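Scroll down for the structure; my scribbles are underneath it.
The values are calculated or read from the model by the stated rules, or taken from the named source; none is laboratory data. The structure presented is a predicted model; accordingly, all values stated were derived computationally and were not measured. Here the Cβ is made from the backbone with ideal geometry for all residues, glycine too, and neighbour counts use every protein chain on show. For accessibility, only protein heavy atoms count, side chains too; no ligands or nucleic acids. Shrake-Rupley method; radii C 1.70, N 1.55, O 1.52, S 1.80 Å.
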Amino acid sequence: MKIIKVKNYEELSRTAATIIAGTILSKPDCILGLATGSSPVGTYDQLAAMYEDGILDFSHVKSVNLDEYVGLDGSNDQSYRYFMNKNLFSRVNIDIKNTYVPDGTNPDADACCSAYNTLLENIGTVDLQLLGIGPNGHIGFNEPADHFEAGTHCVDLTDATIQANKRFFASEEDVPRKAYTMGIGNIMRAKSILLVANGKNKAKALAAALKGPVTPQCPASILQFHPNAIIVADEDAMSEL
């Protein structure tokens, strides 16, 4: 595991974008695993700027997203499909048909998760998987549990996650209670993993993930077993280490 400590969010975003750019430049038809939430927004801004400057070409890139809220379609401004379109896809020359997000409109959880697992098998191995980390140690929407889930599954969001995400919605009642998410097995199959963390509210979770026991009670701790995991974190997020 490689740990890169940076001063602030701006430096974190530049560093993470440079790592992702290296993957695209070395393999123009790479497969990127992408994440949502506040942590990667700056990274996507940097990637869009690199595209505008003629440094990056996304025309042959494919992407698979970690998760989606159950019940939200891509036109909903709180869906993760909408988030990706707004923050990255509409700003670069990626073919939208080569971008994949779990189908939050499918009420049949088994069918939706099975279809996404099949997609992940057929598309090929993810070259780089981008992750954030929740204050409770979740990655994707893999919440603290008594076991690691291998494949895509439907999860009941914890109160901690609902509280963390309610700032994006009009009210707490509007936050969906379920999500479809890649499992730990899906995530760990990526050739490399890049986790970004910023802010003091991530410090305890990051310390548990990097220095604590590997346990499904802190899902991100599984990254200790990945052969090519890179952690980019600012001073606040590293403050408990």
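Before moving on, here are some points about what is shown:
- Projected onto their three principal axes, the Cα atoms of region 67-132 cover extents of 33, 29, 25 Å, largest first.
- Taking every Cα-Cα distance in region 6-104 and sorting them into 10 Å bins starting at zero, the pair-distance distribution P(r) comes out as 16, 50, 29, 5 percent.
- Longest to shortest principal axis, alpha-carbon extents of the chain, angstrom: 45, 42, 35
- Cα-Cα pairs of region 41-99 separated by more than 13 Å (percent): 61 percent
- Surface exposure of the chain, expressed per residue as accessible area with a 1.4 Å probe, stands at 44 Å².
- With θ taken as phi - 60° and the Karplus curve 6.51 cos²θ - 1.76 cosθ + 1.60 applied, the whole-hertz 3J(HN,Hα) list for region 114-119 is 4, 5, 6, 4, 5, 4 Hz, x standing for glycine and proline.
- For region 143-194, the Kirkwood hydrodynamic radius comes to 12.5 Å, computed from all pairs of different C-alpha atoms.
- Among the listed pairs Lys166/Lys200; Lys7/Lys166; Lys62/Lys86, those whose Cα-Cα separation exceeds 25 Å are Lys7/Lys166.
- Mean Cα-pair separation over length for the chain, i.e. relative contact order, pairs under 8 Å, 6 or more apart, %: 25 percent
- Alpha-carbon centroid distance for the pair region 57-124 / region 165-241, whole angstrom: 20 Å
- Calculated P(r) of region 102-171 - Cα pairs past 21 Å, %: 38 percent
- Note: region 167-208, Cα convex hull, 135 Å³ per residue.
- Legend: Rg and Dmax of region 25-71, from Cα coordinates, 12.3, 38 Å.
- Semi-axes of the equivalent ellipsoid for region 44-186, Cα gyration tensor, largest first, Å: 25, 19, 15
- Along region 88-101 the Karplus relation, 6.51 cos²θ - 1.76 cosθ + 1.60 evaluated at θ = phi - 60°, assigns HN-Hα couplings of 9, 4, 6, 9, 10, 9, 6, 6, 4, 6, 9, 10, 10, 9 Hz to successive residues, with x for each Gly and Pro.
- Projected-area average for region 119-234 over all orientations - Cα convex hull basis, square nanometres: 7.4 nm²
- Sequence-distant aspartates and glutamates (8 or more away, or on other chains) whose Cα lies within less than 18 Å of Lys211: Asp234, Glu235, Asp236, Glu240
- Per-peptide average of other Cβ atoms within 10 Å, ordering 40-49, 149-158 highest first: 40-49, 149-158
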